[in-house]
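Data first, discussion second: the structure below is written as structure tokens.
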Amino acid sequence: MRWVIHGEEEAWGNQWLSVRRLDVEQPDGERFDYHAVRLKDIAAAVVTRDECVLLMWRHRFLTDTWAWEIPMGIIEAGESPEAAAARELEEETGWRAEGLSELIRSEPAAGIMDSRHFVYRAASATWVGEPTERNESDRIEWIPLADVPGMIARHEIVSGITLVGLQQLLLSEHG
């Protein structure tokens, strides 16, 4: 049941993403134009200490919503996902992870977008100073892990990568 790409061209793009027009053929032989987004991969960090998780209170202007998120960002050219997660954590929160390990990897919209999301875990971190990314969040807090399921239920946590990372953490620790 493999689809075949016969050709691909950019319809529009910038430094972060590219909207593509693909000439695809389905397994039954039908061939047609398909549109997709090629987006850079994302790395994120779930950091815990004393039964709390480090979260950022953020406004997302596209949806005009406020919610809690884990630190995350685009993996730069030549950068490993783990290094990107560490960099984003420090830039966005002022905390430096003391060792990261892979928690989970997801493909959030594989039918329309090729971006992969790499989520890493750190069980400790050191404060190194104020965040250098000043446009990322209103506040940064250590939130009790026990509060996370209720926050998800109340839609206080809605970001896909944050949900995947936190739910994997809860499953691995309590499941």
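One residue alone among 59, 35 is in contact with a strand residue (DSSP E or B) (Cβ under 7 Å, 6 or more places away or on another chain) and modelled with pLDDT of 95 or more, and that residue is 35. Residues of the range 8-39 that are without any contact (Cβ under 8 Å) to a residue 12 or more places away in the chain and under 17 Å from residue 111 (Cβ atoms): 30, 32. Residues that are open to solvent by 50 Å² or more (accessible area, probe 1.4 Å), under 30 Å from residue 34 (Cβ atoms) and not hydroxyl-bearing (Ser, Thr, Tyr) number at least 1 in the following strands (runs of 3 or more DSSP E) confined to the range 82-175: 101-106. Annotation: of all residues in the range 6-18 being under 27 Å from the mean Cα position of the chain (by Cα) and at pLDDT 95 or above, the one that is least open to solvent (accessible area, probe 1.4 Å) is 18. Among the candidates 105, 134, the residue that is among the charged types (D, E, K, R) and touching a residue at least 12 places away in the same chain (Cβ under 8 Å) is uniquely 105. Listed by position, the strands (runs of 3 or more DSSP E) inside the range 19-76 whose residues that are open to solvent by 30 Å² or more (accessible area, probe 1.4 Å) number at least 3 are 31-39, 52-60.
The values are calculated or read from the model by the stated rules, or taken from the named source; none is laboratory data. Remember, predicted model here, so these are calculated numbers, not experimental data. Cβ coordinates were reconstructed from backbone atoms using ideal geometry, including for glycine residues, and neighbour counts include every protein chain displayed. When the accessible area is computed, the model is the full protein with side chains, heavy atoms only, and any ligands, DNA or RNA have been set aside. Shrake-Rupley method; radii C 1.70, N 1.55, O 1.52, S 1.80 Å.
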